[in-house]
1. Looking at the protein assembly as shown, what % of the alpha carbon pairs are farther apart than 40 Å?
2. Taking amide H atoms as placed 1.01 Å from N in the peptide plane, list the residues 5 or more away in sequence, or in a different chain, whose amide H sits under 5 Å from that of A:G268.
3. Ranking B:E194, B:E120, B:E188 by Cβ neighbours within 10 Å, fewest first, what do you get?
4. How would you order A:276-284, B:200-208, A:356-364, B:80-88 from highest to lowest mean count of nearby Cβ atoms within 10 Å?
5. Please order A:V102, A:V310 by the number of other Cβ within 10 Å, starting at the fewest.
6. Helix B:152-162 sits at what angle to the longest principal axis of chain B, using alpha carbons and giving 0 to 90 degrees rounded to 10?
7. Under 8 Å for C-alpha pairs, at least 6 residues apart: give me the relative contact order for the range B:115-253, rounded to a whole percent.
8. Under a no-solvent Debye model with one identical scatterer per Cα of the range A:18-240, what's log10 I(q)/I(0) at q = 0.11, 0.18 Å⁻¹?
2 protein chains.
Amino acid sequence: MDEARWDIATPGLLLDLARFDANARRLADRTKRLAPDLALRPHMKTLKSVELGRRLTHALGADAITVSTLAEAEAFAKAGYHDILYAVGITRAKLPRVAAMVAGGVDCQIVTDNAHAAGEIARFCADHAVQLPVLIEIDCDGQRAGVKPEDREGLLAIADTLGQTAELRGVMTHGGGSYGAVHPGEREAAALQEADAVRSAARILREAGFQAPTVSLGSTPTAFAGADWSGITELRAGVFPFFDLVMAGLGVCERHDIALSVLTTVIGHQREKGWILCDAGWMALSRDRGTQGQAVDCFYGLVCDAKGTVLPDLIVQSTNQEHGIITVRDSSSHQLPDIEVGAQLRILPNHACATAAQHQGYNVITSNDPLSASVEWMPRFSGW
Amino acid sequence: MDEARWDIATPGLLLDLARFDANARRLADRTKRLAPDLALRPHMKTLKSVELGRRLTHALGADAITVSTLAEAEAFAKAGYHDILYAVGITRAKLPRVAAMVAGGVDCQIVTDNAHAAGEIARFCADHAVQLPVLIEIDCDGQRAGVKPEDREGLLAIADTLGQTAELRGVMTHGGGSYGAVHPGEREAAALQEADAVRSAARILREAGFQAPTVSLGSTPTAFAGADWSGITELRAGVFPFFDLVMAGLGVCERHDIALSVLTTVIGHQREKGWILCDAGWMALSRDRGTQGQAVDCFYGLVCDAKGTVLPDLIVQSTNQEHGIITVRDSSSHQLPDIEVGAQLRILPNHACATAAQHQGYNVITSNDPLSASVEWMPRFSGW
């Protein structure tokens, strides 16, 4: 085995900056070519780091962002972002924090898919003399939340309820169904369905006399499959700067595009069972088994050497809190490599959002060779 | 639905202090009755909170603790704990942090199951003129790490390699196989197997002339099943003060013993699908599906009202990062209850260690009724 070692405590998160930049450029170049007027509003839920967020928005030429929690919104607002979409259905109890950001000059947009919440927003706006910007969430594929795009009555009930006290800003959707689209044609169809859903909903609102300037959509698979974004004002995507094994399994990226890995150390062997034990358990890798339903199940992740080269058929087969059990796949003709206690390995994650969330920060590396790389620590935040 | 509301941001972690105390008392009372001389060394990997750790060790009459990371060890050392077992196989790169704690007066014991690491420990001790205390890890059930208790040659090789520079303190094992033991008789057998393994290994070492004063074992299921701890010096267990659905599924506790839950807010409905959407996704609940292989699969958790009463057959069927989808079980005769947007619910976790790890702290509650409870925030730490 290679003797190259990182001077980093294990388990720890490595972020390959060159791959991060290349992944960002890929989305920027593609959308610029296919839809030069389409604004990008990258999702910060994967990064949860102001430094990485700045690097990403700079690479994309974006100044607007999407967030999944108010804690993210507040962290990025504090860092100077003024155009933020909080993309999870709002409820009454969260409105004071939104209003505080708006009072501080941040265009913090919220979303809802129901008249009950719309009524709470309208009342809150009236009571507090504030006009919060609201997008109606549209359900483009039956996977999660949202009003059906053909549900004219439902859409207009929300728009009516928001009334003049809140500010109806338009519609948004997330094509999460594309995470199951394993063929490029399926992803193209998902992208079209995503775009049609919000175009249709926006048309219904406009025909009824409502303003709907924003028509927002996005998911990483559809962002790299869509071609017709006419009538769409902005594209959101989250996991693409890191990518992961789920995305590679779909064919949205290649394994060598994955920018995130978990550095781990071999702590023992159970040789008669063909096991290598390492110090990356589910606490470091997450319990996410997102590739379980894909053609190639990567279990808890694929194993690479310290330089990031995938070792043939080596997987993290199971995990305890602080132990990972590495084996060769059952179907493999490869032998278990002889990797001694103390050696470092890197694990490619199933789901970058989940794996990154287990860590307090990134060891950002400028090269995959420990001997030549510089390492910079970038903290992550968490919580709600 | 009940209108009782917690003044707590959602999603957020609730800890029922009365249940925590009762669960701690249950282990304390049981071991005191069956094995009055057995020391308790509770595992802090679940709590990761100095305040809760203090409360637990006080309730157990314990002054020694087990930890799963050096970050835990350092946090508890700083809080005044002087007898700490770091129960994950050590490697060379982690020894300086251990030595720093030892130099600060902490008896920080480390474990290994191989001669390679034993050699590194011995060299480090010689090079740094420090005598680190070491336990040899024993594999009692083939689930993870450890030397087989009958592997005399392997045991003595480690003991010989540690030599006089490190301090061989004895043996330890973890009966993790008991997590699959669904019948009390199976857990009793697992407890006996766990005890026999370390007794046997200690005997081998002693017969060969080595000191092995410490004979340590434990897991929550075996801690509540064992009866014969003769020759055992200490018992370790971790998840018992919280308990969870995995433990309830095994029969180690009842559902009403579970002290931990995630408070969530309803954010929408998809009525034609029978879905209630809430703001607890996998980020708040974790991706742990530990009950999947049990007789009753709890999916991502069982749903309770705001006071903690389980709602019949209501489960978190699936999760996105910040969305949970709540449904009635397929097999149920119950109707989906009418729970409006903005209402609060509580989710019982599959695996308390994994769910707690997703949060920055506990909202510790003195009652399950929001109208009478007081709420105190206790921070958690994380990382390695």
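Read-outs throughout are calculated quantities, based only on the coordinates presented, and are distinct from any laboratory measurement. Predicted model only: the values in this text are computed from it and were never measured. For neighbour counting, all protein chains shown are included, and Cβ atoms are generated from backbone atoms with ideal geometry for every residue, glycine included.
1. Cα-Cα pairs in the protein assembly as shown separated by more than 40 Å: 35 percent.
2. Placed amide hydrogens put A:L277 under 5 Å from A:G268.
3. B:E188, B:E120, B:E194
4. Descending mean neighbour count gives A:276-284, A:356-364, B:80-88, B:200-208.
5. Exposure proxy ranking, most exposed first: A:V310, A:V102.
6. The angle comes out at about 80 degrees.
7. 23
8. Each listed q corresponds, in turn, to -0.50, -1.33.
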